[in-house]
Amino acid sequence: LVRPTTWIQEEMGNDDITTYAGPFQGVQTIKGINFESYVRVMPHSEYVSGSACLCQALMELTDQWVTLYGGNPDALEIPLPPFLAGSSRTEPGVTPAQNLTFVMDNMDDLRIQCGESRLDGGMHFAASVSNSYKLCEGIGNAASDYAFALADDGNF
C-alpha cells in the first residue's frame, strides 16, 4: 500500500492544498504534486506501521516489568526529555518556538502518542497505526518473559 505522501502527490497532484510547505517555508498553498511529509518517509510499505508495533511492544514490556516489581503501570507517569526551542533537525533554530515539556500519564498514553506521531509526521494513514497495535499485541509481553527467563526469573 502507498503512503500518504505518494497518495497526495498522485491523486491530488493538480489540487491546491494548504499545508506545511517544507523547511523554513511554513504553511503555504502548494500543488499536491509538491507535497512532502514533515518527516522522511521510508521506502517500504505503509501498512502496517512497524513503528506503531514497537510502540505497542514497549508499552507491554514496560507494564509487565512494572507489575512484576510491584508497581502500578496505570500510575506510572513518564516525563519526556524537553524539546528545546530551536532544536528541530528539520528546522534548526526555528522550531519549536519555545521549550516544550511533556509528561505521559502512563505507558498507554505514551503508546498512543508514539503512534499518533506517525500520523502527524505524514508517514501513515490511521488504519495502519491502529491495526499495528492489534497485530503486534503480545510481542512486548513475550520479550519481557524471555528477558526474565534469561536473567533466571528476574534475579538480576
Checklist entry - Is it the case that I33 is open to solvent by 70 Å² or more (accessible area, probe 1.4 Å) and β-branched (V, I, T)? => result yes
Next on the checklist: Consider the range 67-80. How many of its residues are more than 19 Å from R118 (Cβ to Cβ) and either open to solvent by less than 30 Å² (accessible area, probe 1.4 Å) or not in a helix (DSSP H, G or I) (or both)?
Outcome noted: 8
Item to check | E46 vs. criteria in a loop (DSSP other than H, G, I, E, B), open to solvent by less than 40 Å² (accessible area, probe 1.4 Å) and farther than 16 Å from R3 by Cβ | outcome: no
Next on the checklist: Of the residues A143, A149, A57, A75, only one is touching a Cys at 6+ places or on another chain (Cβ under 7 Å) and more than 20 Å from V39 (Cβ to Cβ); which?
Outcome noted: A57
Next on the checklist: Exactly one of these conditions fails for D63: (1) over 14 Å from P4 (Cβ atoms); (2) open to solvent by less than 70 Å² (accessible area, probe 1.4 Å); (3) in contact with a strand residue (DSSP E or B) (Cβ under 7 Å, 6 or more places away or on another chain). Give me its number.
Outcome noted: (3)
Checklist outcome for this item: Taking the range 15-40 and keeping residues touching a Gly at 6+ places or on another chain (Cβ under 7 Å) and either without any contact (Cβ under 8 Å) to a residue 24 or more places away in the chain or not hydroxyl-bearing (S, T, Y) (or both) leaves D15, I17, K31, G32, I33, E36, V39
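The values are calculated or read from the model by the stated rules, or taken from the named source; none is laboratory data. Computed from a predicted structure; not experimentally measured. As a convention, Cβ positions derive from the backbone with ideal geometry for all residues, glycine included, and neighbour counts pool all protein chains shown. Areas reflect the complete protein model, heavy atoms only, side chains present, ligands, DNA and RNA absent. Shrake-Rupley method; radii C 1.70, N 1.55, O 1.52, S 1.80 Å.
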